[in-house]
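Here, each number is a calculation from the coordinates, and none is a lab measurement. The structure displayed is predicted, hence computed values, not measured ones. Here the Cβ positions follow ideal geometry from the backbone for every residue, glycine too, while neighbour counts run over all protein chains shown.
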Amino acid sequence: MEENFVLALQNHRKNNLQDAENLYNEILKKNPNHFDTIYNLSKLLAQTKRFSLAKTLLYKATKLKPDYAKAHNNLGIILTKLREDQKAITSFKKAIQIQPTYADAHYNLGIVMQELGDHRKAIVYYEKAIQLRPDYAKAYNNLGIVMQELGDHRKAIVYYEKAIQIQPNYSDVHYNLGRIFQELGEHKKAIIYYEKVINLKPDYAKAYNNLGVVYQEMGEHLKAINVYKKAITVIPNSIIINGLSDLFKSIKLGNVTKANSKELKELFLFLYRENSINHDDVFNNSKLLLFLGDNKDQLKQTVSSNSSLLQNKIIQNLLKEELFLLMLQKSLMADKFLEKLLTKLRNEILFILMDSNQNNLKKYFNFIVSLAEQCFLNEYVYSQSEKETNSLNKLINRVKKNKKINELDVAILGCYFPLYSLKDIANNLIKYKSDNILFDDLIAIHIAEPLKETKLASSIKSFDKIVDNVSKKVRDQYEEHPYPRWRYTNRYSHANFLSQLNDEIKPNQIEYSNKFVNPNVLIAGCGTGQHIASAERYLNANILGVDLSLKSLAYAKRKTLEFGFKNIEFLHADILNLKNLNRKFDVIECVGTLHHMKDPSEGLKILLNLLEPHGFLKLGLYSEIARQNITKVRELIKGKKIIKTPEDIRNFRKLIIDEKNDQSLQKIFDIKDFYSTSMARDLIFHVQEHLFTLPKIAKILKTLNLEFLGFINPSTKIKFSRLFINDVKNISLNNWNKFEIGNQETFSNMYQFWTRKINKI
């Protein structure tokens, strides 16, 4: 047995883990209480992240040798991994009781207290670990992190520098120093430390990401792009993907030429091949790579003429371009020219199909399928002629009569109709398997996913009846057009809520508290789930998504299941009825919802009654100043007495697109929401809408005894800080009002900000 144990240890040390595990298990079959085997096997299981099995063995080890401090310490580490924090604390304290000079146990207790938000106790334990072991670099590093989180940058730097003095090549400490100098706005120092980290550890993703962000903050966009370009060759993980995506979301590429287009296209292809970002964020820059030189001007003339697009060589190349196809599949094509181009292409393809040999279209099959996915994504917002309608009726009958599935016919139908709406055709397609992966994807999007949503709707609980007349009208709008339709979104790493909050409201900062270890979060007006995907990044959060629209909730539930999100619950309810909900929340987010209520203040008061005294509230409200052009369009709709059927929305959009005299209407083409049916309806046809100004918001906050904590847009705050140097925390709404008057499109999306009750405990 001892020979086997020695052999197992040798394999374990050489990282031959499976062989070691087999030998450990053989020993335990013969002697279930062999302590050394139990202890070492538990370490192997922890090493391979099988924490529950490791926990069972370590509990057994502590019973066999109750006074073995290392076993209690290791059990504490495992319990921390399993988020059983109170049990972990007990284990670490037991280890210290057995061995009071056990520095590692004090250090590990500090980690748990820090994660629980109890910074004062964390400091005590880290200092004790250092007292016992003066060269404990990790403890100095963690003390620095605590001080940085508490806002004491001077002490944090002292602790970080002490850790480096002990361990000069400690990459995490160099990274933390980079982070602290970035927070202080000392970009050149931050760059030095991030570059040091990358030299020490070339696969340190966070260092690449933050280095890219620093260059972005400095306006050195080319350098930022180069950092990410290098990073994706070394470690193409989610942090780097999000960083590159955020960069292209926040900047506008300058002159794109043939010389630089190849490298840029590779970056965008990298992003579009990934399914862990919101591709709409990078669309505006990626579209610049589709047409270089005079190509776009030539195509504009062709699109405006009666010439065939499919005979145009530029178009022929475009329809085979991978980036273009991926853009159609994954992002809303929010561009006036591209809409005209795609509308004409769809028209031409339909008539070629009906009037001539299908072989002429087969080489464009992947484009046609991609266009069908785009049209589903934009909810068939493109206008169509009566001639197209007549041809489509013939095509539908042809597909129904054809016993064999013609994929080309089906794909072209999908460019005009959601296939699930053609029930006979959908029934034949639901179990169909194609040799073309993209066609299978089309069937999933058009048929399988909507059917799944119908089933999921019955699993969502309703709370009270919706009786308010305005709420009923708003509900009906989102039942007809769940908002928004989306495919992918950013995937975030999890972090304590207060860390995320401080990141959003900086340069303001909130003191850490242990009340947000397992925050209860309410998303009031969660729609189709994109907002929930963002809030899911809060560590150990329990999330409740509430919405008026059951169809929107079913969409949201499908997406959250698809992404594997945990601890999310949905409730079909009106915010007005939540006053009867016997629950309290640490965090409430209500973005883009209150301004669609009859009385936003009444809705806000109900949410505040649901908010814990220590809680935080995020609001998103429409700006009267930023939406002046939208108000003008809404007045035009009202004057023409246009209603809100899909056909009316399509026809009105065409009227605006064709309008050449009124330049003030042209601004709406820059708004993404103009380019899908549900979004256009929400944007310019909404049944209920209130607009706000910052003085009005300031008055509401004062009346309700709320503290303004800050807006969330970092690039806007950089501009604001340059003008209002003395407003160090960026929290004067009077200053922000002056800023918005001078920069009227600042809040074109909406005001998004955090607040909390002033009389908090």
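Okay, here's what the table says:
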item	result
R0 of 35 Å, Cβ-Cβ distance Phe35-Lys14: FRET efficiency to nearest 0.05	0.95
Projected area averaged over orientations for the stretch 413-471, convex hull of C-alpha atoms, nm²	6.3
Interatomic Cα distance distribution for the stretch 628-684, bins of 5 angstrom, percent	4, 19, 35, 30, 11, 1
Between helix 733-742 and the chain: long-axis angle, C-alpha atoms, 0 to 90°, nearest 10	40
Inter-probe distance in nm under a simple model that places probes 7 Å from Cα toward Cβ, at Lys638 and Asn542	4.5
For the stretch 360-400, alpha-carbon Rg relative to the globular expectation (2.2 N^0.38 Å, N residues)	1.31
C-alpha center-to-center spacing [the stretch 495-514, the stretch 218-270] in angstrom	28
FRET efficiency estimate (nearest 0.05) - Cβ-Cβ, Lys667 to Leu561, R0 45 angstrom	0.70
Computed lengthening from Lys189 to Leu64, 0.36 nm per intervening residue step minus Cα-Cα distance	39.7 nm
The chain: relative contact order as a whole-number percent, Cα under 8 Å and 6+ apart	8
Table column - 3J(HN,Hα) (Hz), the stretch 163-173, Karplus curve with 6.51, -1.76, 1.60, x for Gly and Pro	4, 5, 4, 6, 9, x, 9, 6, 4, 4, 5
The stretch 641-761: radius of gyration over Cα atoms, expressed as a fraction of 2.2 N^0.38 Å	1.36
Binned Cα-Cα distance frequencies in the stretch 2-250 - 10 Å width, integer %	8, 23, 26, 25, 14, 4, 0
Dimensionless Rg/Rh of the stretch 456-521 - Kirkwood Rh, Rg from C-alpha atoms	1.12
Cα-based Rg and Dmax for the stretch 84-220, where Dmax is the largest Cα-Cα distance (Å)	16.3, 56
Kirkwood Rh, angstrom, the chain [1 / mean 1/r, Cα pairs]	29.4
Potential extension, Asn390-Ser459 segment - 0.36 nm per residue separation minus Cα distance	20.8 nm
Assigned charges on the beta-carbon of Lys, Arg, Asp, Glu; the chain dipole about Cα centre (debye)	540
Size-normalised alpha-carbon gyration radius of the stretch 466-582, reference 2.2 N^0.38 Å	1.15
Rg/Rh ratio calculated on Cα atoms of the stretch 290-456 (Kirkwood radius)	0.96
Loop trypsin sites (Lys or Arg not before Pro), the stretch 398-430, which have at most 15 other Cβ atoms in a 10 Å radius of their Cβ (DSSP)	Lys403, Lys404
Inter-site label distance for Ser171 and Asn436 at 7 Å from Cα along Cβ, in nm	4.5
Theoretical ellipticity at 222 nm over the chain - DSSP helices of four or more residues, -39500 (n - 2.57) apiece, nearest 500	-18000 deg cm²/dmol
For Phe570, distant residues with modelled amide H under 5 Å away	Gly545
About the Cα centre, charge dipole magnitude for the stretch 95-190 (Lys/Arg +1, Asp/Glu -1 at Cβ), debye	160
Diffusion coefficient, µm² s⁻¹, Stokes-Einstein with Kirkwood Rh over alpha-carbon pairs of the stretch 95-162 at 20 °C and 1.002 mPa s	184
